[in-house]
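Read the structure below first, then the notes.
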Amino acid sequence: MTYSIVDHPDGRFAVVAASAAGSVHWRCGFLTLAEAEQCVEDLRAMMVACGAVLVRWEAERPDTDLRAMLRALRPPFQ
């Protein structure tokens with residue numbers, strides 16, 4: 001699974017994770033980068049418990065505009 005931390009114009013952050021199968025999961029509304037990074041560490045711990053690896057995706061995913069996707073969809077958590 002790969003992840004990115006996405007910054008929004010309003011100053012908040014979102015963590016977006018994508019599986020190898022193509023499913024995308026996200027959590028929005030972090031007020032600080034530190035909060036988003038803590039979310040990633042929690043996710044990393046869960047992935048290790050499942051025997052999976054979490055890797056940071058530094059560049060935009062091909063054919064995916066994460067910021068546009070997050071604006072268009074209602075996030076599961078706020």
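What follows draws every value from the coordinates through simple rules; no lab data is involved. These numbers were taken from a predicted model, which means no experiment stands behind them. Here the Cβ positions follow ideal geometry from the backbone for every residue, glycine too, while neighbour counts run over all protein chains shown.
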*Nitroxide proxy distance, nm - points 7 Å out along Cα→Cβ at residue 25 and residue 41*: 2.0 nm
_Protection proxy ranking, peptides 2-8, 51-57, average beta carbon neighbours within 10 Å, highest first_ = 2-8, 51-57
